[in-house]
Amino acid sequence: PLSRVWCLDELRNALLLGKEVRVIMPPQALKSFRKQAEDNEQATRNDIARVVGRIDIEQASATFRRDRLYVLELVEKTLGANSLNEFCREIVRQALLQAAGLRDEGQSDQRWASLFTGLLEKAADCRSRQEIPQAIEIKRAVAMMRRRLSTSGSEEFVRGTDILREALQMARLYYGPQTQICEDMESQEFRGEDIVRKRQRI
């Protein structure tokens, strides 16, 4: 699946919609995978790193050439292949660690900060050129990835929610408030707000 353009595009949609991604295995395979992780944690982490390191949408295939070209064109008009690859690799890495029963040791904050800064600059540039749909998608993806990488209610999570609000405001003006994209983002925004309110009450 990780070598197919449509599957990687589904990971992009899972990111934008804030959906959990899980690795599903037959029970015996999952048991064997977790046993391997218990017996040799570092080797399992290395295996996971090798798997996610091969994710590259520009090298991915599709049954029909026109489908592949369509997805790649869509990616280049929004996040760009390199950024999407980084996002997809992180989503799959987290899912594989969860399947293995391993703790997430986290990623380089500096690397992610640089990636987010570059994408937000790209979004601002798109907005100045009146390429509003692209600017909305980029800001939305950055917001959702920031939230995915952080603890609910943390400063980074709240920053992601702020960026999501900015994207939502742009979408309301461009598409109209009653559109599906606005409803999706409103649902994600308030889900984050509920988490923050619960933490504040505690």
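The values are calculated or read from the model by the stated rules, or taken from the named source; none is laboratory data. Because the structure is predicted, anything quoted here is derived from the model rather than measured. Virtual Cβ from ideal backbone geometry, glycine too; neighbours counted across all protein chains shown. Accessible surface areas use protein heavy atoms only, side chains included; no ligands, DNA or RNA. Shrake-Rupley method; radii C 1.70, N 1.55, O 1.52, S 1.80 Å.
Values computed for the structure shown
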read-out	value
Tabulated pairs, region 37-52, first of a type outside the set (Val, Ile, Thr), second assigned to a helix (DSSP H, G or I), C-beta under 6 angstrom, 6+ apart or interchain	37/44; 37/100
Cross-chain or 6+ apart pairs with Cβ under 7 Å, region 4-17 first and at pLDDT below 90, then assigned to a helix (DSSP H, G or I) and among the aromatic types (Phe, Trp, Tyr)	none
Candidate set from region 132-175 (those that are among the small types (Gly, Ala, Ser) and in a helix (DSSP H, G or I)); member that is surrounded by the most Cβ atoms within 10 Å (Cβ to Cβ)	143
Pick from region 1-40, criterion of a type in the set (A, V, I, L, M) and part of a loop (DSSP other than H, G, I, E, B), ranking: most open to solvent (accessible area, probe 1.4 Å)	24
